[in-house]
Amino acid sequence: MDKIDIKSLRLEELEDLLVELGDKPFRGKQIYEWLHVKLVSNFDDMTNISKQLRERLKEVCQITNLFQVNKLVSKDGDTSKFLFRLYDDRVLESVLMKYHHGNSVCISSQVGCKMGCTFCASTIGGFERNLAPSEMLDQIYQIQKISGERVSNVVVMGTGEPLDNFDNLVQFIGMLTDENGLNISQRNITVSTCGLADKIKALADKNLQITLAISLHAPNDPLRQQIMPMANRYSIESIMEACHYYYEKTGRRITFEYSLIEGVNDLQKFAHELSHLVKGLNCHINLIPINPIKERNYRQSRSENIQNFKNILEKNRINVTIRREMGTDIDAACGQLRKSYMDQSSDAKAMN
Ligand code: SAH
């Protein structure tokens, strides 16, 4: 990509570009609106911009657009999964979830993932590349255009580790919450991380009002190391210290995600250990029945074990909910749609 990725520029950066091109800064605002509110996909649709400037923009810039390759809708219609193709033919997936409080989109932050969590489908094909801010934004824009639904909540919980793509993530959040763009409230954005403690602190220093979700999945290091390789690099102690720092800086309650795997991390003693670990921190625990992937023989905890786990946390006065499963009939586990697409295309290549 040699040309400027115009959809990744903040308003001020776009205004500076217009000045460099010998035009007025207010043109920057007009173009920003075309890209981020009216969601046009090419310069010729910008009807209040002169043909001459449009031609000049085409010479120096390009507009990032994702192309829908596939879409699956759950039987109840509440969940839709989208497979999008990027300019370099790589693919990613995003999910639209309709709740009564509004529509939520789950976006990917990278193509593939290098974190290696043993229960996750996103990591199996390895890491390909970071997504640009424009490519994170366009997942939401395309879903709004295709579904005709307004998106009010965004969760960065799809494929990839958002804090491993830190600068682009921060740029993306700045643009998504810009009043000149989609103007989504910071409080309606959740970023989920497997626990890069140093980056959690750097995010705290940005003083954003977003929700931080930590994929904990185990209350002690040895168990965590069994299921999440990154636990060898970041201890639970360092993650908890970063969480306390995040809370002190932002005042935002932390969410911990805990995916329950039968016989691995769902024992009652781990619920006690977890209660002890988070004591004194304003937080919320989200218990997620694991979504088994075919590459591993992990099984979902039995519902009575999930309930027991929850009861122990509640007795210890920890805020806890069990995540409602949505869209399992359309293969909703992270990265599974992309994975099955890639398997099919490599099968097809092998046959040719
Ligand atoms: N890398 C980030 C965001 C992507 S994963 C992170 O680790 O948080 C989003 C969430 O889904 C994480 O909590 C992850 O642990 C969880 N997850 C991944 N695969 C899953 C599966 N098969 N079943 C249940 N949860 C899963």
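Among the residues of region 321-339, is there at least one that is surrounded by 14 or more Cβ atoms within 10 Å (Cβ to Cβ) and at pLDDT 85 or above?
yes
The rows are residues; the columns are (1) over 23 Å from residue 201 (Cα atoms); (2) in the same structural domain as residue 192 (by TED's automatic domain parsing); (3) within 13 Å of the ligand (Cβ to nearest atom); (4) assigned to a helix (DSSP H, G or I).
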{"position": "249", "(1), (2), (3), (4)": "no, yes, no, yes"}
{"position": "264", "(1), (2), (3), (4)": "yes, yes, yes, no"}
{"position": "271", "(1), (2), (3), (4)": "yes, yes, no, yes"}
{"position": "276", "(1), (2), (3), (4)": "no, yes, no, yes"}
{"position": "287", "(1), (2), (3), (4)": "yes, yes, yes, no"}
{"position": "292", "(1), (2), (3), (4)": "yes, yes, yes, no"}
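Give the residues of region 47-88 that are aliphatic (A, V, I, L, M) and either closer than 19 Å to residue 145 by Cα or open to solvent by 10 Å² or more (accessible area, probe 1.4 Å) (or both), sorted by residue number.
53, 60, 63, 66, 69, 72, 73, 83, 86
Select from region 194-232 the residues that are farther than 23 Å from residue 262 by Cα and without any contact (Cβ under 8 Å) to a residue 40 or more places away in the chain and write down the one among them that is least open to solvent (accessible area, probe 1.4 Å).
Here the residue is 196.
I'd like the full set of residues that are within 16 Å of the ligand (Cβ to nearest atom) and over 21 Å from residue 11 (Cα atoms), limited to region 120-153.
Across region 120-153, the qualifying residues are 120, 121, 122, 123, 124, 125, 126, 127, 128, 129, 130, 153.
Anything in region 260-276 that is surrounded by 19 or more Cβ atoms within 10 Å (Cβ to Cβ) and more than 13 Å from residue 320 (Cα to Cα)? List them, or say none.
260, 261, 264, 265, 266, 270
Identify all residues within region 105-119 that are more than 9 Å from the ligand (Cβ to nearest atom) and either closer than 14 Å to residue 176 by Cα or not hydroxyl-bearing (Ser, Thr, Tyr) (or both); write none if there are none.
Those that are more than 9 Å from the ligand (Cβ to nearest atom) and either closer than 14 Å to residue 176 by Cα or not hydroxyl-bearing (Ser, Thr, Tyr) (or both): 105, 107, 111, 112, 114, 116.
Take the conditions farther than 30 Å from residue 339 by Cβ and touching an Asp or Glu at 6+ places or on another chain (Cβ under 7 Å) and apply them to residue 22. Does it pass?
Judged against the criteria, residue 22 is not a match.
The values are calculated or read from the model by the stated rules, or taken from the named source; none is laboratory data. The structure displayed is predicted, hence computed values, not measured ones. As a convention, Cβ positions derive from the backbone with ideal geometry for all residues, glycine included, and neighbour counts pool all protein chains shown. Keep in mind that these areas ignore ligands, DNA and RNA; they rest on the heavy atoms of the full protein, side chains included. Shrake-Rupley method; radii C 1.70, N 1.55, O 1.52, S 1.80 Å.
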